[in-house]
Amino acid sequence: MAEQQILNHDAFNSWEYLPEELLLKIFQYVDCKHLLRLGQTCRCWKLVADQELLWKRRFATDFKLDDHVSLYSGAISWKEEYERLIDRVPSAELEKIEEHTDEVLHVAFANNGMMFSTCSKDAYIKVYNADWPFETVFSEYLGVKNLLFQWKYTQLSQFSPCDTQLLVSGRCTGSEQGGEIVVYNIFAGSFTIQSRVRILPYDVMGTWLNDSHILSAKAHVLSYTRQCLCEVVLNKSSQEVENLHKATMSRAFLFKCNNYATVSYIRVADLTSCIRKIMRSDPDVDLSQHLHAMHFQHLKNINERKIYGQCNGCKQTLKRCIHNENEQAKLPRTTWNKEPTCFSFCSKPVKYVDGEIGVVLKSCGIQSTDTESLPEKNNEFCPESSDTCYFQNQSLCPLCGQERSYMSGTDGSSASTTSAEEDHVRILLPKVCKVLIGFTGDYVSIPHQIGIKYLKEEECGHVDERDLKSLIAAQDYNRSDLQPDNWDHIIEVKGHCVGMTLSSCNRYLYVNVREWLTEDDISPFNPPPIANDIKMFVYDLITMTKISVLSGHNAKSDVFFLHLSSNDLYVASGSEDNCGYIWDRHYGVCVSQLVHDDVVNCVAVNPCDPSMAVSASDDKTIKIWRSKSFRRLLSGVRAKARTKL
């Protein structure tokens, strides 16, 4: 009887009968490894060990985050996120490629993640399959022994948006500052040269605007001044056979830079989907609170162009207002009885020619069904307002009487949108919203600013090449007949910019910066000393604000570029401490360290497989990195294969 009481007493005091609150209190002092083992003890303990509150605290503690950290929107649970950052991040070396004979400067994945390309100081461009056994699918030497190119080295490569072309940038011999871009066509596994473009300076590197055009740049130094005229040029990515070695340059921006600074490392960000998402979220939202003034003004300009339209005959935007009979008489008589002639927010009475009123003004509260509030036929008002006026579709130009077409390809009404869900949006959604991003400067020649310029309808502003040549020849930089373009927005980083990349959605810009240690006595030829530690600034290109700073990598020498890359989950960068680094984009924590024997110049993460990354180093090697979970899976498959043999 006494033995039975002792057994019952021991059972009552067993660990499995402890209340959940007490177990939860105890488990919070256990590390991740032992917490997972405790969850395998029994069903009761597993329920406690899987508590979200417990894993959130474990997550915040181990990754040194604030307790108020929020869960990533695409995540399932805190436990799942912990496992991802520990077990599914590229961190295990899978293979080493030693085909290059000199320092490897850059590596880049194709947009579909099926290939990656590398550039090196041995002047080779190489392309590999992104799957084992990582075979070389293309290799070409562009160095001094190749009489057609004679490059010093290849410095950067970039696949086109549809992965049908490959842009390769390099530095030319016989020139201290000049470089060149070569575009290859990719078809059925073969790579064919289809265009060549000269660049100046060589660190412009070039970028894709779309699948048919690339952007490059040329700098023109003005003697007896400390200024450079930097022309950003739009080039066709494919040329006619007879013009293969002569680039077709059609449009350009022209930026004036002080103190011998130039425009370099240009990129193009497509913000169309991001801005359209904001505009769709709430039709009544005040866009000025969600968009930077640069975007807000651009959207207003788009709406005006869509509403006003353009005449096919006279090629004029229809903004002219007729306020009296004398002005009306100046118009062709054929238009008098056809169309109203005001397409502008002018807040003045407008004379209409004989005919029906074809305008409903929402901004002034006039409704077509309200007959008493309708103005007289010949006295209409078009008040200046941020609201959109709704114009009836009109096919003839009131200025010349010929057929009119709208710039956007729509009918000019505010309801002319691309899908049914957009019909209620009052402000017209942009068709294309791209911005040009480049490193530039003002105080010293090294890049310490980020310039942002809108690309109107995917084209650059036109610059007359004859005026540009005459300006350079005359060295008259104050001429009024050639006005340089201004950046729509400038971001001052107060440091040396050594690399940048865009997020997969193009909304966020990641920039490697070596900050100035002091800002005193800045002179053009005496830039301030810079820090060894590198900070990665993260900017929101919609609001133009800095949202976070990532750190952990450094540069000890006068490093030129440490390239970055990103996908949906991670952002990666090289470093001069012989390691590459990978950060989680949402939580901003360093989750992986990729070790080499020398400086790591670039780390590329696979855009379609977050568990894969490739690093390029001065040790002349390329390393393939996989997650720990992938390595275990691969080891199991190989073990089964050996057993069968």
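The values are calculated or read from the model by the stated rules, or taken from the named source; none is laboratory data. As the structure is a computational prediction, the values presented were derived from the model and not from experiment. A quick note on method: Cβ atoms are made from the backbone with ideal geometry, for glycine too, and the neighbour counts reach across all protein chains shown. Surface accessibility is based on the protein's heavy atoms, side chains included, excluding ligands, DNA and RNA. Shrake-Rupley method; radii C 1.70, N 1.55, O 1.52, S 1.80 Å.
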For this session: Quick one: count up the residues across the range 493-511 that are at pLDDT below 95 and touching a His at 6+ places or on another chain (Cβ under 8 Å).
Result: 6
For this session: Give the residues of the range 161-202 that are in contact with a Leu (Cβ under 9 Å, 6 or more places away or on another chain) and surrounded by fewer than 22 Cβ atoms within 10 Å (Cβ to Cβ), sorted by residue number.
Result: SER175, GLN177, GLY178, ASN185, ILE186, PHE191, ILE193, GLN194, ARG196
For this session: Out of the residues in the range 529-546 that are touching a residue at least 24 places away in the same chain (Cβ under 8 Å) and part of a loop (DSSP other than H, G, I, E, B), state the one that is surrounded by the most Cβ atoms within 10 Å (Cβ to Cβ).
Result: LEU541
Problem set entry | Count of residues meeting criterion [assigned to a strand (DSSP E or B) and open to solvent by 60 Å² or more (accessible area, probe 1.4 Å)] in the range 88-106 | 2
Exercise. Quick one: is ASN578 on the phi < 0 side of the Ramachandran plot and surrounded by fewer than 20 Cβ atoms within 10 Å (Cβ to Cβ)?
Worked result: no
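Answer yes or no as to whether VAL549 is over 24 Å from the mean Cα position of the chain (by Cα) and open to solvent by 50 Å² or more (accessible area, probe 1.4 Å).
No: the conditions fail for VAL549.
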Problem set entry | Selection count where residues are outside any loop (DSSP other than H, G, I, E, B) and farther than 27 Å from ASP102 by Cβ, scope the range 579-608 | 4
For this session: Answer yes or no: is there a residue in the range 555-578 that is among the basic types (Lys, Arg), outside any strand (DSSP E or B) and closer than 23 Å to ASN606 by Cα.
Result: no
For this session: Answer yes or no as to whether SER629 is part of a loop (DSSP other than H, G, I, E, B), polar (S, T, N, Q) and either touching a helix residue (DSSP H, G or I) at 6+ places or on another chain (Cβ under 9 Å) or surrounded by fewer than 16 Cβ atoms within 10 Å (Cβ to Cβ) (or both).
Result: no
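For ILE302, indicate whether it is under 18 Å from the mean Cα position of the chain (by Cα) and either surrounded by 19 or more Cβ atoms within 10 Å (Cβ to Cβ) or at pLDDT below 80 (or both).
On the way: under 18 Å from the mean Cα position of the chain (by Cα): no; either surrounded by 19 or more Cβ atoms within 10 Å (Cβ to Cβ) or at pLDDT below 80 (or both): yes.
So ILE302 does not fit the description; no.
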Exercise. Can you find even one residue in the range 259-274 that is surrounded by 15 or more Cβ atoms within 10 Å (Cβ to Cβ), at pLDDT 85 or above and over 19 Å from the mean Cα position of the chain (by Cα)?
Worked result: yes
Exercise. For the range 552-568, which residues satisfy the criterion of being exposed (fewer than 13 other Cβ atoms within 10 Å of the Cβ) and within 28 Å of LYS64 (Cα to Cα)?
Worked result: LYS556
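Conditions tested, residue by residue: (1) within 15 Å of GLY189 (Cα to Cα); (2) open to solvent by less than 10 Å² (accessible area, probe 1.4 Å); (3) in a loop (DSSP other than H, G, I, E, B); (4) in contact (Cβ under 8 Å) with a residue 60 or more places away in the chain.
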residue: ALA108; (1), (2), (3), (4): no, no, no, yes
residue: SER117; (1), (2), (3), (4): yes, yes, no, no
residue: ASP122; (1), (2), (3), (4): no, no, yes, no
residue: VAL127; (1), (2), (3), (4): yes, yes, no, yes
residue: GLY143; (1), (2), (3), (4): no, yes, yes, no
Exercise. Which of the residues belonging to the range 64-86 are under 18 Å from GLN51 (Cβ atoms), open to solvent by less than 80 Å² (accessible area, probe 1.4 Å) and outside any loop (DSSP other than H, G, I, E, B)?
Worked result: TRP78, LYS79, GLU80, GLU81, TYR82
Exercise. Among the residues of the range 605-614, is there at least one that is at pLDDT 95 or above and within 18 Å of VAL538 (Cα to Cα)?
Worked result: yes
Exercise. Going by the structure shown, is TYR224 aromatic (Phe, Trp, Tyr), surrounded by fewer than 16 Cβ atoms within 10 Å (Cβ to Cβ), at pLDDT below 85 and more than 16 Å from VAL182 (Cβ to Cβ)?
Worked result: yes
Exercise. Given the conditions (1) surrounded by fewer than 19 Cβ atoms within 10 Å (Cβ to Cβ); (2) without any contact (Cβ under 8 Å) to a residue 60 or more places away in the chain, which single one is not true for HIS596?
Worked result: (1)
